[in-house]
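A short write-up of the structure that comes next.
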Amino acid sequence: MTRGFLSLLSVCILLASCSQKKPAPVPDTAVNLYTVKAQKVRYFDKYPATTVALNQVDLRPQVQGYITSISFTEGDHIRKGQVLYEIDRQLFQEGYDQAKANVDVAKGNLAQAQQDADRYAYLNANDAVAKQVYDHALIALQNAKNTLAASDQALKMASTNLNFSIISAPFDGTIGFSQVKLGNMVTAGQTVLNTISTDDPMGVDILISEKQLARFENLKKRGETMDSLFTMTLPNDSIYPFNGKISVIDRAVDPQTGTIRVRLVFPNAGYRLKPGTSCVLRVLNLEKEPKLLVPARAIVELMGEYFVYLAKDTLARDPDDSTKTHHAWMALQKKVTLGQSIAPNVILKKGVNEGDQIILDGVQSVHTGSLIDISKTADVTKGKKKQTNE
């Protein structure tokens, strides 16, 4: 009985000693490093943009009446002076004819009054007529002249209304959908008939920070002598085949947003661009200083901020002997400021220096203080003389 108990006790002690063995050390996280290098790059700064017509007008009638003719195809390119709409001309033609007849009557009355005045002037000079009769003749002559002047003005107004019954294109451009149909009643100055906008060249508007104003003032001057300074990406991600130039920089900065509007113009042969299109303006960056370019996959985003992990040489405790240390590599999180993306890379403006080693692959498996195992150093730009984001 005693021997069995002792044997059992020995077995328990042996098992307990085995269970107290130290756990195997966690292996260092295997990573791939990239050495940050400064290099020359050719890239474009990009700005959200919207195409706008340089001239656009809503067509409104200047006389009231019924639409009797529509003489265009919706969406067509039209020419200045082309007849577009006609408002019922019958009443305006009748008003013109009546005004013209009134002018003829006024001319006849003036001729008669002039003859009477001349006759009474002669008689008055020879004391052969009463002074009052002569004075009345002069007043009648003046009234006839005034009546003719009023008739002339009425004729001009009638002619203007008759001309306004035909609505023509004020400039070359593209016309949209008609807002009225044949037979519709339109009101002078209120009813919108259609909209016409110019289409060649086409404006492109962007908003820039007030800090960039001086740069764009310089670009406006350089754009007159330098090609490919301003290009554009269309909604289908294709590059627009024509270059643009700065046309207007707005007169003032918006104090609420700290931005100012800049308008560029682009040729629009074939009318490929339409007003209101969202696109991306590309401005060639003329800085010649080398940039720190790193692979985008090394960037970690946390709460709207961007970080990389640096590989730092450090001293780590020996897992087998706590009194000893050895050299090891440790991950250190570093906040960075991003610049322009140049796929598949990105420019870093702040946070790292040339020669720093950052974690390229394995970045999702580390945190600040993690010990890392360096397997190799990557050089994604080897053999490439120039990076570009074209």
Inset, instruction - Kindly indicate whether any position in region 110-127 is of a type in the set (Phe, Trp, Tyr) and either at pLDDT 90 or above or not in a helix (DSSP H, G or I) (or both). - result: no
Inset, instruction - Determine whether region 202-222 contains at least one residue that is of a type outside the set (Lys, Arg), open to solvent by 30 Å² or more (accessible area, probe 1.4 Å), in contact with a strand residue (DSSP E or B) (Cβ under 6 Å, 6 or more places away or on another chain) and assigned to a loop (DSSP other than H, G, I, E, B). - result: no
Inset, instruction - Quickly run through region 180-199 and pick out the residues that are surrounded by fewer than 18 Cβ atoms within 10 Å (Cβ to Cβ), out of contact with any strand residue (DSSP E or B) (no Cβ under 6 Å at 6 or more places or on another chain) and at negative phi. - result: Lys181, Thr187, Ala188, Gln190, Thr191
Inset, instruction - Given the conditions (1) outside any strand (DSSP E or B); (2) open to solvent by 50 Å² or more (accessible area, probe 1.4 Å); (3) at pLDDT 80 or above, report the number of the one that Val352 does not fulfil. - result: (2)
Legend entry - Per-region count, region 71-100, residues open to solvent by 50 Å² or more (accessible area, probe 1.4 Å) and in a helix (DSSP H, G or I): 8
Legend entry - Matching residues, region 113-129, being more than 28 Å from Asn102 (Cα to Cα) and open to solvent by 70 Å² or more (accessible area, probe 1.4 Å): Tyr122, Ala125, Asn126, Asp127
Inset, instruction - Filter region 130-152 for residues that are within 20 Å of Asp104 (Cα to Cα) and open to solvent by less than 80 Å² (accessible area, probe 1.4 Å) and give the result. - result: Ala140, Leu141, Ala144, Thr147, Leu148, Ala149, Ala150, Ser151, Asp152
Inset, instruction - Could you check how many residues of region 8-56 are among the hydroxyl-bearing types (Ser, Thr, Tyr) and at pLDDT below 60? - result: 2
Legend entry - Single condition Gln82 does not satisfy, out of (1) more than 26 Å from Ala154 (Cβ to Cβ); (2) out of contact with any Leu (no Cβ under 9 Å at 6 or more places or on another chain); (3) at pLDDT below 90: (3)
Legend entry - 2 or more residues in contact with a strand residue (DSSP E or B) (Cβ under 7 Å, 6 or more places away or on another chain) and under 30 Å from Ile358 (Cα atoms): qualifying strands (runs of 3 or more DSSP E) within region 30-70: 37-39, 44-52
Inset, instruction - Among the residues of region 128-175, write down those that are at pLDDT 90 or above, touching an Asp or Glu at 6+ places or on another chain (Cβ under 7 Å) and of a type outside the set (Ser, Thr, Tyr). - result: Ile166, Gly173, Ile175
Inset, instruction - Test each condition in (1) touching a residue at least 60 places away in the same chain (Cβ under 8 Å); (2) open to solvent by 30 Å² or more (accessible area, probe 1.4 Å); (3) out of contact with any Phe, Trp or Tyr (no Cβ under 9 Å at 6 or more places or on another chain) for Gly176 and report the one that comes out false. - result: (2)
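The values are calculated or read from the model by the stated rules, or taken from the named source; none is laboratory data. The shown structure was predicted, so the numbers you read here are calculated from the model rather than taken from an experiment. With ideal geometry, Cβ positions are generated from the backbone for all residues, glycine too; neighbour counts draw on all protein chains shown. What goes into the accessible areas is simple: the full protein's heavy atoms, side chains included, and nothing from ligands, DNA or RNA. Shrake-Rupley method; radii C 1.70, N 1.55, O 1.52, S 1.80 Å.
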